[in-house]
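> My structure is below; once you've seen it, I'll send some questions.
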């Protein structure tokens, strides 16, 4: 039986879309299939979301909003606040691998993204960062979250990496690639790698706040111009 017209809401449609993507992948999400999941015609959904594009934006916003928690602000240590956000964001996206690409390609900033940016920026400002450095810090934190998580979520199998990598792993190419061969046979804990990266980012930001200038490579803008 079709539910009454008022049984649907924006939130119910959004939660059903998230559940559908979780169960079957983002490619399975269509307004027709979503309507079927909710027991209504696809046209009924448009009373609550203007179109599929708006639905995808709402999905991104809901996921990013989940990266922050009201309890984070209770911590007086900005390092703990940032670390909690970064680890929660990473875990949330790994639990929904389909979300990584979606968040990357959809630029619209909604309430969830603003709340996330506000939480990071406020933590830095309250810790004594200048507005400019807090702005840089937000982008550094965001880039770390998205870059590492995307790499981990898309990590291919050993077979997909090809024969050369497998030869490195068994030591057959040690003479040609001695550096890689020494490390590739070690067990690599990717969660531990991410935790290390989070710690390095936060420690680096702390040093910048305290006036320690980073060691420059000497390339910067000149290098960017040279390769453009």
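A short reminder: the numbers here are calculations on the coordinates, not readings from a lab. None of the values given here were measured: they were computed from a predicted structure. Positions of Cβ are generated from backbone atoms using ideal geometry, with glycine treated the same way; all protein chains shown enter the neighbour counts.
> Note down the relative contact order for region 62-211 as a percent, whole number, built from C-alpha pairs under 8 angstrom at least six residues apart.
26
> Once both labels are modelled 7 Å past Cα along the beta-carbon direction, what's the residue 11-residue 196 spacing in nm?
About 4.3 nm separates the two model spin labels.
> May I ask for the distance between the Cα centers of region 18-39 and region 51-108, given as a whole number of Å?
When both Cα centres are located, 21 Å separates them.
> Okay, next question. With each pseudo-label sitting 7 Å past Cα toward Cβ, what's the residue 43-residue 19 distance in nm, one decimal?
Each label point is offset 7 Å from its Cα along the Cβ direction, giving 2.5 nm.
> Oh, and also: Evaluate region 46-113: find the radius of gyration of its Cα atoms, find its Kirkwood radius, and give the ratio Rg to Rh.
Over the Cα atoms of region 46-113, Rg/Rh equals 1.05.
> I want to check the label-to-label distance for residue 87 and residue 115. Put each point 7 Å from Cα in the C-beta direction and report it in nm to one decimal.
2.1
> Give me the Kirkwood hydrodynamic radius of region 62-211, using the inverse of the mean 1/r over all pairs of distinct Cα atoms, in Å to one decimal.
Roughly 17.2 Å, rounded to one decimal.
> Stretch residue 182-residue 126 to full length: gain in nm at 0.36 nm per residue minus the Cα-Cα span?
15.8 nm
> Based on DSSP H runs of at least 4 residues, each adding -39500 (n - 2.57), what is the mean residue ellipticity at 222 nm of the chain after dividing by all its residues, to the nearest 500 deg cm²/dmol?
About -20500 deg cm²/dmol.
> Let me have the relative contact order for region 1-49, percent, based on Cα pairs under 8 Å that are six or more residues apart.
Relative contact order, region 1-49: 41 percent.
> Could you give log10 I(q)/I(0) at q = 0.31 Å⁻¹ for region 1-49, computed by the Debye formula over C-alpha point scatterers of equal weight, without solvent?
-1.28
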